[in-house]
Amino acid sequence: MASVRRLLVEPEGGATVLVPIRPLVLGDVPIAVKAVSSAAADFVRTTVLVKAEGRPQSFSSSLLLDLPASRSGSVAFRFPAGVVDGSQRVSVTAIGDLLGPSISGLDSLVQMPFGCGEQNMIHFAPNVYVLRYLSARGPLDPALQNRATDYMLKGYERQLSYQRADGSFSAFGQQDSSGSTWLTAFVLRCLLQARPWVGVDGRVLESAAAWLAAQRAAPRRSPEP
């Protein structure tokens, strides 16, 4: 819609005029300005990028296809009320891996272990599981493998400081009154799974396993009445 403004401009002078614009559609809206006088005329054309107001919102829906049984499927959805016309977007992604949507950014799980015996293993374990999963999918990224392996080696060396003389592990090693059954079992499991990438001393594993076996064989005390 054209809008006309009239104003007086002194010779060799200038003037400013305000022309409010109310876009009705999103995207690049063409704007043209034409100035005309009795002596000359000028014309300028440009575009204004119009974006939707408010905060973007996203909604998702998943569909699992069992390929041996079917090769097609449908997903029904509707846009919420009050959506800005022209701002709707739809995207479809097909992933041939059941865990595909959940593994983006797996490298963020590869972290340097630190803390007490429990915290150290909480950060040690993801390094093992990430490498085990990625190696099962195909060739490992050398940079990621080297970083995870380095972290596992440092975490393994740190965890040894929390192993007690009887072979068990606890949060603070010899400072604790006894070893932790669940932590020792967790350490034993993780170190066994980390052996393809870290040289784990077999004696560490054997002493931890022997301590766990002794706890399993030890008679349980009946609760006092």
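Numbers for the structure displayed
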{"read-out": "Angle in degrees between helix 142-159 and the longest Cα principal axis of the chain, rounded to the nearest 10", "value": "40 degrees"}
{"read-out": "Cα long-axis angle, helix 117-137 against the chain (0 to 90 degrees, to the nearest 10)", "value": "70 degrees"}
{"read-out": "Other-chain or far-sequence residues with amide H under 5 Å of PHE169's (modelled H)", "value": "ARG164, SER180, THR184"}
{"read-out": "Sequence-distant residues sharing a close amide H with VAL29 (under 5 Å, placed H)", "value": "VAL48, LEU49, VAL50"}
{"read-out": "Rel. contact order, % - alpha carbon contacts under 8 angstrom, at least six apart, the stretch 114-168", "value": "50 percent"}
{"read-out": "Principal-axis tilt of helix 181-194 within the chain, Cα atoms, nearest 10 degrees", "value": "70 degrees"}
{"read-out": "Contact order relative to length of the chain, as percent, for alpha carbon pairs under 8 angstrom and 6 or more apart", "value": "11 percent"}
{"read-out": "Most to least packed among 193-202, 31-40 [average Cβ atoms within 10 Å]", "value": "193-202, 31-40"}
{"read-out": "Under 5 Å, built H, 5+ apart or other chain: amide partners of GLN111", "value": "ASN127"}
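We did not get these values from a lab; they are worked out from the coordinates using the rules stated. The shown structure was predicted, so the numbers you read here are calculated from the model rather than taken from an experiment. Neighbour counts are summed over all protein chains in view; Cβ atoms, including those assigned to glycine, are modelled from backbone coordinates with ideal geometry.
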